[in-house]
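The values are calculated or read from the model by the stated rules, or taken from the named source; none is laboratory data. Because the structure is predicted, anything quoted here is derived from the model rather than measured. No Cβ is skipped: glycine too gets one built from the backbone with ideal geometry, and neighbour counts run over all protein chains shown. Accessible surface is based on the protein model in full, side chains and every heavy atom, while ligands, DNA and RNA are left aside. Shrake-Rupley method; radii C 1.70, N 1.55, O 1.52, S 1.80 Å.
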Amino acid sequence: MEETVVAVGVVAEATAWWFVSSRGAEVWRVVTPVLVALGVAAFVFGPPVWSPEVNPVVAAAVGIGAGVAFYGATRAFVAVTRSWHAFRRHSAELYALRGELSLAAALVLSVGVTVTAEEVFWRGFAQPELARTFEPSVGAVIAWAAFVAANAPSRNLAFLASAVVGGLVWSALGWWSGGALAPLGCHVVWTGLMLSFPVVSREAISG
């Protein structure tokens, strides 16, 4: 049953991103509700796992530190690849998905709702279930691949890069701690910094 829920989650998130990339749907009206539903499913079929292998305080601290480091690495990557115009354009398009929302509202919806629900489902439910079915490292790899597949229909280079690299980081933290707390701390901090201090210029975002 749990593996079926994971498979449904992949299809649901992928479909939501397809509507955003192919039909111009608003991410807050499509992707966010789907991820909230997946987060609820994690509690219904779980409950989600938080940090069984590592002290929760340590897991949270490592996750937060990893989020800051990941943001720094993201800024460095964008700076090094500034001549890659397609990537910069896609980064600007990703920021444009914020629409008319204020920064405060975007932070609440993304960090407080979307990111939290996503981590609860993927690293709190899907990865632990796959780890029980196979073994922890294999489960982490499968969960990472499924996460990337779920985000691939976004058809955005910058978002796909975050799904591949970020998904690898969050899955590794989930493998290390056994649950969602460390990856949640990382994902929340990284997303908050990415929104508050954009990695592309205002000119790129507006133009």
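Evaluate the distance, in nm, between pseudo-label points positioned 7 Å from the Cα of GLU93 and of VAL58 along their respective Cα→Cβ axes.
Rounded to a tenth, the inter-label distance reads 4.4 nm.
Once whole DSSP H runs in the chain are found, which of them have Cα atoms spread over 20 Å or more along the helix axis and a mean Kyte-Doolittle score of at least 0.5? Don't skip to the end; give the middle numbers.
Working: long enough: 2-23 (31 Å, 0.68); 27-45 (26 Å, 2.10); 56-80 (35 Å, 1.60); 136-151 (22 Å, 1.47); 181-196 (22 Å, 1.36).
Result, helices passing both filters: 2-23, 27-45, 56-80, 136-151, 181-196.
What whole-number value in cubic angstrom gives the convex hull volume per residue for the C-alpha atoms of the stretch 136-190? The partial results should precede the final answer.
Values: hull volume 3.5 nm³, N = 55.
So the per-residue hull volume is 64 Å³.
Note down the Stokes-Einstein diffusion coefficient of the stretch 1-65 in µm²/s, whole number, using a Kirkwood radius over alpha carbon pairs, 37 °C, and 0.692 mPa s. Mind showing how you got there, number by number?
Numbers: Rh = 13.7 Å.
Rounded to a whole number, D works out at 239 µm²/s.
The chain: Rg/Rh from Cα coordinates, Kirkwood Rh?
Details: Rg = 16.2 Å, Rh = 17.0 Å.
Taking Rh as the inverse mean 1/r over Cα pairs, Rg/Rh reads 0.95.
Extent of the stretch 63-166 along each principal axis, from alpha carbon coordinates, in Å, largest to smallest?
Dimensions of the stretch 63-166 along the principal axes of its Cα atoms: 42, 31, 30 Å.
Quick one: net charge around TRP175, please, counting Lys, Arg +1 and Asp, Glu -1 for every other residue with C-beta under 15 Å from its C-beta. Walk me through the intermediate numbers first.
Numbers: positive: ARG123, ARG132; negative: GLU53, GLU119, GLU129, GLU135.
Value of the local net charge: -2.
Treat each spin label as a single point 7 Å out from the Cα along the C-beta direction, and report the ARG23 to PHE45 distance in nm.
Here the modelled spin labels are 2.3 nm apart.
Quick check: the distance between the Cα centres of the stretch 54-96 and the stretch 172-187, to the nearest angstrom?
The distance from the Cα centre of the stretch 54-96 to that of the stretch 172-187 comes to 16 Å.
In deg cm²/dmol and to the nearest 500, what is the mean residue ellipticity at 222 nm of the chain if only DSSP H runs of at least 4 residues count, each as -39500 (n - 2.57), divided by the residue total?
Values: 12 runs with 149 residues, N = 207.
Estimated from H runs of four or more residues: -22500 deg cm²/dmol.
Using a 1.4 angstrom probe and counting only protein chains, how large is the accessible area of ARG88 in Å², to 10?
Here the accessible area works out near 60 Å².
In nm², what is the average projected area of the convex hull enclosing the Cα atoms of the stretch 50-95? Provide the component values of the computation, followed by the final result.
Details: hull surface 17.5 nm².
Averaging across all directions leaves 4.4 nm² for the Cα convex hull.
Counting other Cβ atoms within 10 Å of each Cβ, which GluC sites (Glu not before Pro) in the stretch 35-114 have at most 10 and sit in a DSSP loop? All intermediate terms of the calculation are to be shown ahead of the outcome.
Numbers: sites: GLU53, GLU93, GLU100; in loops: GLU53, GLU100.
Sparse-neighbourhood loop GluC sites (Glu not before Pro): GLU100.
Most mobile of PRO47, PRO128, PRO153 per a Gaussian network model of the chain (Cα springs, under 10 Å)?
Evaluated over the chain, the most mobile residue of the options is PRO47.
What is the spin-label model distance, in nm, from ALA76 to VAL138 if the labels are put 7 Å beyond Cα along the C-beta direction?
Label at ALA76, label at VAL138, 3.5 nm between them.
List the relative contact order of the chain as a percent without decimals, with contacts defined as Cα pairs under 8 Å and 6+ residues apart. Walk me through the intermediate numbers first.
Details: 285 pairs, mean separation 76.0, N = 207.
RCO, the chain: 37 percent.
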